[in-house]
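Peer 1: Pasting in a structure now, in C-alpha cells, and then I'll have a few things to ask.
Taken together, the values in this text are just the output of simple stated rules run on the coordinates, not laboratory data. What you see is a predicted model; the values in this text were computed from it and never measured. Virtual Cβ from ideal backbone geometry, glycine too; neighbours counted across all protein chains shown.
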Amino acid sequence: MTGPVRRYRLGKDQRLRLGGEFARLRTEGRRMAHGCLIVNWLEAPGRSCSRLGVVVGRKLGKATVRNRARRLLREVFRLHQWDLNRPVDLVLVARPSIVGKHYRDVEADFLELLARAGLLRERPVTGGSPVVGPGCEERGGPEGGGAAKP
C-alpha cells in the first residue's frame, strides 16, 4: 500500500501540561477505573488528535518506580492512539497495583477501559500501513524516523 504512514509519536502538542487542563478534565470529564489505572476523559471536538496527561503519585514508590509507570502509560497510549474512535483529552492515573506489572498487563487494562468507555474503534488499527488523516499525526520529525511504525 502506498501513501503516508501514520506516525506513532507522542509530541508536545499531544500532551496535557497545564494544571487547569487536568482540573477541567477532573471536574467536567468522565471517569472509569479498572486494574492498575484510572482513566479520566473529555471529548475534544475541536481537535484533530487526542491528548494525554499522566498522573503518578508518590504512593507508588521511589522515582525509578514512578518513572517506569509513566513510561508504561505513555507507551500504551502512543501505540493505541489511533484505536480511539474520536479525539479526546485523556488523563491516565496510575494505581499502586501498576508496580511490577508488565507492558502487556497494562495494555490489557487500558484497552478494557477504552472498550467499556466506548472510546475504542470497532476494529482497532493494527499492522499494515494505515492512511493518515488531517491533523497532528503528520507533524513531528523527518520521514523514516525511528518512531514511525510501518
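Peer 1: What are the residues whose amide H is under 5 Å from the amide H of C49, where those residues sit 5 or more places off or on another chain and H is modelled from the backbone?
Peer 2: Amide H to amide H, under 5 Å and 5 or more residues apart or across chains, C49 pairs with C136.
Peer 1: Over segment 3-105, one equal point on each Cα, no solvent: what is log10 I(q)/I(0) by the Debye formula at q = 0.23 Å⁻¹?
Peer 2: -1.36
Peer 1: Order these peptides, 30-36, 92-98, 41-47, by their mean beta-carbon neighbour count within 10 angstrom, highest first. Please report the intermediate quantities before stating the final value.
Peer 2: Details: 30-36: 15.7, 92-98: 19.1, 41-47: 13.7.
Ranked from most to least packed, the peptides come out as 92-98, 30-36, 41-47.
Peer 1: What list of ³J(HN,Hα) couplings, whole Hz, do you get for segment 59-69 from phi and the Karplus terms 6.51, -1.76, 1.60, once you set θ to phi - 60° and write x for glycine and proline?
Peer 2: For segment 59-69, the Karplus curve yields 4, 5, x, 6, 4, 5, 5, 5, 5, 5, 4 Hz.
Peer 1: Name the long-range amide H neighbours of A44: under 5 Å, sequence gap of 5 or more, or other chain; modelled H, no Pro or chain starts.
Peer 2: V88, D89
Peer 1: Which distance in nm do the two modelled labels at E43 and L18 give, with both placed 7 Å along the Cα-to-Cβ direction?
Peer 2: Modelled inter-label distance: 2.3 nm.
Peer 1: With θ set to phi - 60° and the Karplus curve 6.51 cos²θ - 1.76 cosθ + 1.60, what are the ³J(HN,Hα) couplings of segment 75-90 in order, to the nearest whole Hz, using x for Gly and Pro?
Peer 2: My calculation for segment 75-90 gives 5, 4, 5, 4, 7, 10, 5, 8, 7, 6, 7, 7, x, 9, 8, 10 Hz in order.
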